[in-house]
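One structure is given here, and the rest of the page talks about it.
Laboratory data are not the source of any read-out in this text; all were calculated from the coordinates shown. What you are looking at is a predicted structure, and each value in this text was computed from that prediction instead of being measured. No Cβ is skipped: glycine too gets one built from the backbone with ideal geometry, and neighbour counts run over all protein chains shown.
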């Protein structure tokens, strides 16, 4: 499908940039005229993915978060959120609802479950020591 | 970001704006500080002014639930929107009996 718009962002993995990232994505998709619910879903999923980069990927170290976005001619939004942090040894386990490695920091273990519930498709690729890439897809508006 | 009211042994925290990993840490520290000082029988978290919440909000609620248990009090969560409820429902928070 033909790409009609795209963007690339990179920013330091600081928690203040969680709000920046979801607001930037909201602005990026605005000309698709999303419903309040579509916009809220996308912002929530992005917030989860970027928080994962900061809390888990770059745990106790600094690093850059990369956020690429694409919109195709049918209004499908694809967002790729990537860190070059510690990576995930067992992605299937990490995606289990309520599984968390940071319970003492009050992380609920729902990040991937929220992304899956609020997007049409979620893909995760990760390699220990190299980092993690999360790809979110969501259709905005009708399919045709 | 947060306003509090203490009346009849009930501490109410009116949370405003967005709840994410960044803001949850600040809300947690403010609410826990007041709860430890006042030892209310009920801590009420009012979500009426919350415009956005990700799963950090679930951690915030679960953590305050544990905190109030330790202090011998109870937690109530009120005035949340449908969007916020969707995330609460995914977490099994309903089983704690704190949602009003």
Does anyone have the angle between helix B:56-70 and the longest principal axis of chain B? Alpha-carbon axes, 0 to 90°, nearest 10?
-> 20
Write down the radius of gyration of region B:1-93 and its Dmax, each obtained from C-alpha positions, in Å.
-> 12.1, 33
Compute the relative contact order of chain A as a whole-number percentage, counting only Cα pairs closer than 8 Å that sit 6 or more residues apart in sequence.
-> 28
Expected 222 nm ellipticity per residue - DSSP helices of 4 or more, -39500 (n - 2.57), all of chain B, to 500 | -14000 deg cm²/dmol
With runs of 4+ DSSP H residues as the only contributors, calculate the mean residue ellipticity of chain A at 222 nm using -39,500 (n - 2.57) per run, divided by the residue total and rounded to the nearest 500.
-> -8500 deg cm²/dmol
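Give me the compactness ratio for region A:59-141, meaning the Cα radius of gyration over 2.2 N^0.38 Å.
Output field value: 1.18.
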Likely footprinting exposure, A:16, A:119, fewest C-beta neighbours within 10 Å first = A:16, A:119
Euclidean distance of C-alpha centroids, region B:36-98 and region A:1-71, integer Å = 26
Give the span of the protein assembly as shown's Cα atoms along each principal axis, as three whole-Å numbers ordered largest to smallest.
-> 62, 39, 29
Exercise: per-residue mean of other protein chain Cβ atoms within 10 Å, B:48-55 = 5
Select from A:129, A:63, A:85 the residue whose mean-square fluctuation is largest in a Gaussian network model of chain A (Cα-Cα springs shorter than 10 Å).
-> A:129
Expressed as a whole number, the average count of other chain Cβ atoms within 10 Å around the Cβ atoms of B:18-26 is 6
On a 0 to 90 degree scale, rounded to 10, what angle separates helix B:21-38 from the longest Cα axis of chain B?
-> 20
Enter the mean number of other protein chain beta carbons within 10 Å of the beta carbon of each residue in A:100-112, as an integer.
-> 5
In degrees from 0 to 90, rounded to the nearest 10, what is the angle of the helix A:17-29 Cα long axis to the longest principal axis of chain A?
-> 20
Based on the alpha carbon coordinates of region A:3-139, what radius of gyration and maximum Cα-Cα distance (Dmax) apply, in Å?
-> 14.2, 44
Please report the relative contact order for region B:10-100, taking Cα pairs under 8 Å with a sequence separation of at least 6, and give it as a percent rounded to a whole number.
-> 33
